[in-house]
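What follows is one structure encoded as structure tokens, with my remarks underneath.
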Amino acid sequence: VACILSNIIVPLSVMIPELYLPVWGVAYIPTVLLVVTAIRNPKNIHLLPFWILFESVMTIHRTRAALVGLFELTEFDEWLVTKKTGNNFEDNKVPLLQKTRKRLRDRVNFPEILFSAFLFFCASYNLVFPGKTSYYFNLYFQGLAF
């Protein structure tokens, strides 16, 4: 629900003038939930804005993982386990790690970059055409987080 609300409905609501989201649904309820969650660890309260943005990005990955597991898609059985060397007396030789040459597409998460571009587009549209609501400030930060 958080993924759909903060990453899809809010950005699209700035581009559709007929769609009005009440402030209590977009700001008050998520803020109360955030404060209740943040109270658990008051020493790190200064990191709260970064945590909000991080959680926004992670909701996409959690939703994808839940859907992959629910529908048993091709990545469902993919579980990478690294070999532990520990107290294995049979094979005392630990191979040195080799640097592999990775291509750009292996190092960059293009779906996140495309989603970031979508959020920047929605924020810029909201800045130019404010309409009833102005979420551009939040959308720019969210786009930077992605």
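If I stretch the segment between PHE50 and ALA66 completely, what's the gain in nm (0.36 nm per residue apart, minus their alpha carbon distance), one decimal?
Taking 0.36 nm per residue and subtracting the Cα distance, the gain is 3.4 nm.
What FRET efficiency would be calculated for the residue pair LEU144, LEU114, taking the C-beta separation as r and a Förster radius of 25 Å, to the nearest 0.05? Taking R0 as 25 Å, the efficiency between LEU144 and LEU114 is 0.95.
Between ILE29 and ILE9, the contour length at 0.36 nm per residue exceeds the Cα-Cα span by 5.7 nm. This ranking places LEU21, LEU47 by how few other beta-carbon atoms lie within 10 Å of each, fewest first, which gives LEU47, LEU21.
Between ASP106 and ALA2, the simple label model (points 7 Å from Cα in the Cβ direction) yields a spacing of 3.3 nm.
FYI, it's all coordinate maths here, none of it is from the lab. Keep in mind the model is a prediction, meaning the values are calculated, not measured. A quick note on method: Cβ atoms are made from the backbone with ideal geometry, for glycine too, and the neighbour counts reach across all protein chains shown.
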